[in-house]
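Q: After the structure tokens below, expect a handful of questions from me.
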Amino acid sequence: MRVTRIVAAVAAGFAVLTTAGCLDDAGKGTVSDGSGTNAAATKNGGSGQDGTATWGKRYTWPDGLAVEVAKPVTCKPSEYSSPQHPPRAVLITILVVNGTKENFDPGVLSVGGDAQFNGEKAEPLFDSDGGCDDTTSTSATVLPGKTYKVKLAFVVGKGTGDFQLALQPNITAAKAVFVGKA
């Protein structure tokens, strides 16, 4: 009986998301040069048509929502960060460009479970008022045609290495994967 209710609840949730248009952009987006502004992304994309970009590039989903990820910078966590005393931390700034016709909440970009450093999971670092001032807990509404900056901090190894960050605005959208040195 309980399993039936769970299945019914999941099916109802999927139906709501589908009719609300949240699951309609399963196609892959494009990668283009980043502009740091709310300018519309070009459709030619250049290299990276597989959804992989590097720092400073822009990934645009078919619905017009786009993200640019700046090169990670080393940051110094405060004594109140979680986790405390990491070997090294980096701060990543993500520019969200809302090229859709709907409001967008950048808090729904699924990130936490899909960040890697040198082939291992990169643990999120929470340091809301310290040197790694991440904004992961900040809620915002990005209106159509507007931009918003999100800052995320991660624990990484002592030396420079390969960092990978995947972003996804909903469960069926293609992942925008950004890779580079951090």
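The values are calculated or read from the model by the stated rules, or taken from the named source; none is laboratory data. The structure displayed is predicted, hence computed values, not measured ones. Cβ atoms come from the backbone with ideal geometry, glycine included; neighbour counts cover every protein chain shown.
Q: Please give the number of the condition Glu123 fails out of (1) within 19 Å of Phe154 (Cα to Cα); (2) modelled with pLDDT under 90; (3) among the acidic types (Asp, Glu).
A: Single failed check for Glu123: (2).
Q: Moving to a separate point now. What's the number of the only condition in (1) of a type outside the set (S, T, N, Q); (2) modelled with pLDDT of 90 or more; (3) over 15 Å from Val69 (Cα atoms) that Asp133 fails to meet?
A: Failed condition: (2).
Q: Quick one: which of Thr138, Thr160 is touching a residue at least 24 places away in the same chain (Cβ under 8 Å) and more than 23 Å from Asp63 (Cα to Cα)?
A: Thr138
Q: Only residues in the range 169-182 that are touching a residue at least 40 places away in the same chain (Cβ under 8 Å) and over 17 Å from Gly56 (Cα atoms) count as the first member; pair them with residues that are small (Gly, Ala, Ser) and surrounded by 23 or more Cβ atoms within 10 Å (Cβ to Cβ), Cβ under 9 angstrom, at least 6 apart or cross-chain, and list the lot.
A: The qualifying pairs are Pro169/Ala176; Ala173/Gly29; Ala174/Gly29.
Yes/no per residue for (1) over 13 Å from the mean Cα position of the chain (by Cα); (2) within 21 Å of Asp133 (Cβ to Cβ); (3) modelled with pLDDT of 95 or more:
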site	(1), (2), (3)
Arg58	no, no, yes
Ala66	no, no, yes
Val69	no, yes, yes
Thr74	yes, yes, yes
Pro83	yes, yes, no
Pro87	yes, yes, no
Val90	yes, yes, yes
Gly107	no, yes, no
Ser110	no, no, no
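Q: Say we look at the range 28-52 and pick out the residues that are surrounded by fewer than 20 Cβ atoms within 10 Å (Cβ to Cβ) and not in a loop (DSSP other than H, G, I, E, B); which of these is modelled with the highest pLDDT?
A: This residue is Thr52.
Q: Is at least one residue of the range 147-168 surrounded by fewer than 16 Cβ atoms within 10 Å (Cβ to Cβ), out of contact with any Lys or Arg (no Cβ under 9 Å at 6 or more places or on another chain) and over 22 Å from Thr54 (Cβ atoms)?
A: There is no residue in the range 147-168 that is surrounded by fewer than 16 Cβ atoms within 10 Å (Cβ to Cβ), out of contact with any Lys or Arg (no Cβ under 9 Å at 6 or more places or on another chain) and over 22 Å from Thr54 (Cβ atoms).
Q: Working only within the range 150-175, note down all residues that are under 13 Å from Val96 (Cβ atoms) and either among the hydroxyl-bearing types (Ser, Thr, Tyr) or modelled with pLDDT of 95 or more (or both).
A: Within the range 150-175, no residue meets the criteria.
Q: Out of curiosity, is Gly131 farther than 24 Å from Lys181 by Cα, surrounded by fewer than 22 Cβ atoms within 10 Å (Cβ to Cβ) and either small (Gly, Ala, Ser) or in contact with a strand residue (DSSP E or B) (Cβ under 6 Å, 6 or more places away or on another chain) (or both)?
A: In short, no.
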